[in-house]
1. For region B:516-575, name all the residues that are over 25 Å from B:LEU501 (Cβ atoms), in a strand (DSSP E or B) and either basic (Lys, Arg) or away from chain A (no Cβ under 14 Å) (or both).
2. Test A:THR62 against the stated conditions and say whether it is within 12 Å of chain B (Cβ to nearest Cβ) and surrounded by fewer than 17 Cβ atoms within 10 Å (Cβ to Cβ).
3. Looking for something under 19 Å from B:GLU271 (Cβ atoms), out of contact with any Leu (no Cβ under 6 Å at 6 or more places or on another chain) and assigned to a helix (DSSP H, G or I) - is there at least one such residue anywhere in region B:307-317?
4. If you scan region B:279-306, which residues turn out to be surrounded by 23 or more Cβ atoms within 10 Å (Cβ to Cβ) and in a strand (DSSP E or B)?
5. Looking at B:PHE528, is it in contact (Cβ under 8 Å) with a residue 60 or more places away in the chain and either surrounded by fewer than 20 Cβ atoms within 10 Å (Cβ to Cβ) or within 30 Å of B:TYR337 (Cα to Cα) (or both)?
6. Of everything in region B:383-407, what is part of a loop (DSSP other than H, G, I, E, B), surrounded by fewer than 24 Cβ atoms within 10 Å (Cβ to Cβ) and within 12 Å of chain A (Cβ to nearest Cβ)? Give them in sequence order.
7. For A:ASP7, are the conditions met, namely being assigned to a helix (DSSP H, G or I) and either away from chain B (no Cβ under 14 Å) or within 22 Å of A:TYR188 (Cα to Cα) (or both)?
8. Within region B:176-213, which residues are of a type outside the set (Ser, Thr, Tyr), within 14 Å of another protein chain (Cβ to nearest Cβ) and farther than 24 Å from B:TRP441 by Cα?
Amino acid sequence: MDPELHDILENLASGLFPLDAWINAKTFTPTANDLPWRGGGESLTPKRIGAIQFFEALVRETSADALLIERWHQLIAEPFSFSTRADMEQWRAIRGLEPKAEFGALESENVLTDFEGKPISRASFYAAYFPLLRLAVKAAAAQGPIQWDVLAINLFKDEKDVPNPVWPKGQPRRSSNFIKQFCRDLLYAMMGMRNPAPTPFNYALLIELGEHRRVGNSYTPKDPQKAVKELKEVIAKVTAQPPPPSTPVPASAPPVGAPRIGSPLVGSPSVIATTPPKPTARTRPTARAKRTKRAKR
Amino acid sequence: MEMADFVVVGSSGGGGTISWLLAKAGFKVVVLEQGTDWGKPLDDDNLKYNPQPHDEYRFRLERPELKRRPRGDYNTFRLSSEQQAEPFGAGWTGSMLGGGSVIWGAWSFRALPIDYRLNTHFKVNNQLAQLEAEGYSIPDWPVDYSEMEPFYNVAETLLAVNGDRNSINKSISDSAWFNAFKSQRHFQDSGNWKPKFPFPCPPYPLTPVGHLIAEGMAKAGYPAVGLPSGMVAPGSNGYKTRAAIAKALKKWGDTDVPSFWDQSADKIWSERVRSACTMCGFCGEYLCWGKEGPKSGARASTLQELADLPNVEVITDARVFDVMYDQRVRRATGIRYLDTTDPEDPVVRVQKGRYVIVSCGAVQSPRLLLMSGPPEGLGNRYGKVGRYVSFHLFGLGVTCVLPEPFQGKLHGEFGHTGNTTTFEHYFMNDKPGDEANGKWWKAGTMVSTAKKNPLENAIGILQNKGLMGLDLLKQMEVYARTLELRLTGDDLPMESNYVDLDPRFVDEYGFPVARITRDFGEAERRMFRLAKPVMEKVFEPYAKIPGTLVKFAGGIVTLIGDHQMGTCRMGDDPTQSVLDRYCRLHDVPNVFVVDSSFMPTGFGLNPMVTVVANALRVGTWIVEQSKSGDGLT
């Protein structure tokens, strides 16, 4: 990705996830007291969390999907392409199976699809959408300084009746397809604990959500015991009953069992592997699966 | 191995257990697993465990090769035989060495004695006719709890189950249904209701979510108890399976001790010590890859032991597609499989064997049998292979969202998903408050459930609610103060629910995929109605807190896969069942099926302990038979 695209993605990510505004608006305050974005003068953005750096690596990492996709295209066209059974036609007939077969993995789930519903690798998907995004950003810039949060939200809106104001017209590739996938990948980047930002920025979103699970956590039975005690205190408080006698937990105590701020991420690779893994597939309920789910009585 | 005594297809709780027992008894065993061995990379490094599987996106959302449709494997689904089945995202089979026993939730119940006698029970209580009219087929098991009990004891030692036996017994005997039935003769005769064999590990620590549910249950009058689970106790010095087995051998019971078990524990098990659980929270649906796995399952126990034996071969990436069958003698002669070490270029291989043991899960086992042998499928002379599939009623439960002061206080990350349970609603009465005039219907176990997967939740909000920006972030906050109470509801067997070969859809290698036909019946709908108020009652104390939301959800008909049962029903009548009491095909006596397919009814609790216990029972019988003059047929 060139610097221009990199900047666009960083700005768009900030528009999608206005973290500072969210933190200012919410009431929950993490117990850790040395969070740089809370009173430390630093801003919290997807960029600071390492989201775009992770995203770029993710696109590279999953580029091997293209091999699997190619194979699946072949299977869609000819379901017995990779059959090792010479007598498949006869064998199916004997068992009362239809002579014409279909490869249906694509419809089941697991696959990123293009605008025509065909499987596509993450790299190919973004390669097709990035030029459109650049045009959309140019169009937005022509209207004045870009408000990235507004642009991000507008990209979700591409109903037929309400065409997106900046997305290139007449495009079969819809802006919402792009922005939803980008949003999913950013969520993974910010919550998957593989992002390359320094601690505590790598966990920032999880910390602000009150989520304590980390790769490498190690507890003893005393930790849940302590957490139950804290919980009882909250219950007593909200039910306006006097709390049971207990040692108060200092406000500066970190979340139970959470890695100490500044400690390395135990056992986690510090960078994303550069060797592409085996092709994999993603899970996503399809329209058909959703219809089936709705069909329950 | 050119010719094995036993070819075992599948390596989970059934296949992984029986292969160990048979190999330990001296048989030549070949185990074939369609997935790969995800534990392998650890052998050469210094990490305590492999952190890579602890990735919510890859191992829960992306569901790559190790789980759910590896390289194109999928199933199709429809609600009834009138519909066209379509590919869907459930009905999965754990595809890795250790199978589903690697990615299970670790909830470790043994079935209750009455579960083996449901036909008798409903007959005695004048409910059987109604259930049959509603389309159910509920047989008694051909074996009873007493026959299973010593194997349950051993199974619990292999699975390092933690818990407090006395509390479990009390939760059962304090339940209203128990007191309603306890004077009935068939109920008393169904088996030992108060087993004394202690769990091999002390109870798992109480978590905040478990505490909230325990308090709510106590106030509702439900006897709550710590959930038994297959994890080496946190804070312990590790787990010595051999020592635990020694205790089980001493408590064998009234029956004669079979020769395999009539030897010292050090002849049965190695000195291997398994590590204590660190409660890291990546267990249910994840892979706990401690080198000496704290989370139990075949990969952490029996398959480790197999590695020490010279008479066994474990072959991974081996997708069995045919049980070879010689019609002249009506016997299997081995299996054919695709060696998918290079999945782009699979190679057909043959493994010959004197006996074949199928253990691929209750969706894939019938698929394999139906693809094998005569046109109607192996062991399917009476059309029963694949029939009566049941899955438990997942999704049935109550969700409670607590207000903002609870943010970050639930600590859903501690250990596995469940923590507190109750047997109070193993049967539910349809006239609450007037139980004497009502009927008790089979339900299941309720379990506290922590919310562990914030990324999955966030992506769900994005996709399903269409929220973005600040709205998305605000909604994401809610997850960390949400908890659930779930009912693992018994999904009673119906002939109209079944697994067969999809006539149209095929997998990557051209083989027909499994087609699942399944709908809820009256018993399930009745359960949803009855469960709602009793489950909501647990949250009554919290519902009074301003800002709390409580929401009930019925079962989801397509949410299936984790517990799959009943497709090769065990029974004495060959026209009504697929397997005999020793899990052999009635039609082909040298083929066994030992995954949860064999279960005639599905309980209302996690089946893993029963699957392991049954594999031990069947394996023990094989060893005894082969030593006796009768031999195996």
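1. B:LEU549, B:VAL550, B:LYS551, B:PHE552
2. Working: within 12 Å of chain B (Cβ to nearest Cβ): yes; surrounded by fewer than 17 Cβ atoms within 10 Å (Cβ to Cβ): no.
Taking the combined requirement at face value, the residue does not satisfy it.
3. Quick first cut of region B:307-317, residues under 19 Å from B:GLU271 (Cβ atoms) only: B:307-310.
Of the ones still in play, those that are also out of contact with any Leu (no Cβ under 6 Å at 6 or more places or on another chain) are B:307-310.
Now restrict to residues that are assigned to a helix (DSSP H, G or I): none.
Taking every residue of region B:307-317 in turn, none turns out to be under 19 Å from B:GLU271 (Cβ atoms), out of contact with any Leu (no Cβ under 6 Å at 6 or more places or on another chain) and assigned to a helix (DSSP H, G or I).
4. B:LYS295
5. Values: in contact (Cβ under 8 Å) with a residue 60 or more places away in the chain: yes; either surrounded by fewer than 20 Cβ atoms within 10 Å (Cβ to Cβ) or within 30 Å of B:TYR337 (Cα to Cα) (or both): yes.
Against the criterion (in contact (Cβ under 8 Å) with a residue 60 or more places away in the chain and either surrounded by fewer than 20 Cβ atoms within 10 Å (Cβ to Cβ) or within 30 Å of B:TYR337 (Cα to Cα) (or both)), B:PHE528 qualifies.
6. Listed by number, the residues that qualify are B:GLY395, B:PRO403, B:GLN407.
7. On the way: assigned to a helix (DSSP H, G or I): yes; either away from chain B (no Cβ under 14 Å) or within 22 Å of A:TYR188 (Cα to Cα) (or both): yes.
Against the criterion (assigned to a helix (DSSP H, G or I) and either away from chain B (no Cβ under 14 Å) or within 22 Å of A:TYR188 (Cα to Cα) (or both)), A:ASP7 qualifies.
8. Our first condition is that a residue be of a type outside the set (Ser, Thr, Tyr); within region B:176-213, this holds for B:176-182, B:184-189, B:191-203, B:205-206, B:208-213.
Filter once more, keeping what is within 14 Å of another protein chain (Cβ to nearest Cβ): B:201-203, B:205-206, B:208-213.
Selection gives B:CYS201, B:PRO202, B:PRO203, B:PRO205, B:LEU206, B:PRO208, B:VAL209, B:GLY210, B:HIS211, B:LEU212.
The values are calculated or read from the model by the stated rules, or taken from the named source; none is laboratory data. None of the values given here were measured: they were computed from a predicted structure. Positions of Cβ are generated from backbone atoms using ideal geometry, with glycine treated the same way; all protein chains shown enter the neighbour counts.
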